Structures are given as C-alpha cells and as structure tokens.
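Note sheet for the following structure.
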C-alpha cells in the first residue's frame with residue numbers, strides 16, 4: 001500500500017469519527033435547547049427576566065474551565081456566544 005493510499009484511508013477513518021461526533025453534538029445541542037426552553041417557561045413565574053447577563057458570563061467562565069484544548073479559549077467563547085444567541089432566539 002502506498003503512502004498516499006494509507007493517508008487517504010486514515011483521513012476517511014478520521015472523517016467517520018468526526019461524523020459520529022457531529023451526531024452526538026447535534027443531540028447534545030438539542031438536549032440543551034430543551035433545557036433552555038424549560039427554564040424560559042419558568043422564568044415569568046419566578047419573576048426573572050428572560051436574559052441574564054450574569055448567568056451568561058458564568059457559562060463562559062465554566063466552559064473556559066472545562067477547556068483542555070486544542071481549542072483556544074477565545075474561540076470556544078465565540079462558539080458558545082453563537083450557541084447562546086441561538087438559544088435566546090428559539091421559540092417553543
């Protein structure tokens with residue numbers, strides 16, 4: 001087997017793993033969305049505003065603590081900023 005063939009085969013193996021991870025990420029994002037919607041439904045009863053900047057900052061701090069790399073903290077924060085924006089824009 002040539003080096004090129006071996007490299008192509010290894011790339012395909014990595015892509016299969018990425019596809020499996022993407023499937024898990026989608027499932028986890030939808031589970032997170034369900035939890036966010038449940039909280040949103042309870043906030044009026046708890047007399048809480050829909051947006052809590054303090055909680056958002058707590059989330060950013062937690063994910064930075066979870067991060068073991070290779071993602072940079074600022075890049076992970078950017079990903080989460082998008083996730084949080086989408087969660088705020090969701091409708092039940």
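Nothing in this text is a laboratory measurement; each read-out follows from the coordinates by a stated rule. No experiment lies behind these values; they were computed from the predicted model shown. Counting neighbours? That spans all protein chains shown, and the Cβs are built from the backbone with ideal geometry, glycine included.
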Rounded tilt (10° steps) of 73-89 against the dominant C-alpha axis of the chain: 50 degrees
Crossing angle, helix 53-66 versus the chain [Cα axis fit, 0-90 degrees, rounded to tens]: 30 degrees
Label-point separation, residue 85 to residue 40 (7 Å along Cα→Cβ), nm: 1.6 nm
In degrees, nearest ten, helix 3-42 long axis to first principal axis of the chain (Cα): 10 degrees
Estimated inter-spin distance, residue 18 and residue 31, nm [label 7 Å along Cα→Cβ]: 2.4 nm
The chain: calculated mean residue ellipticity at 222 nm from DSSP helix runs of at least 4, using -39500 (n - 2.57): -27000 deg cm²/dmol
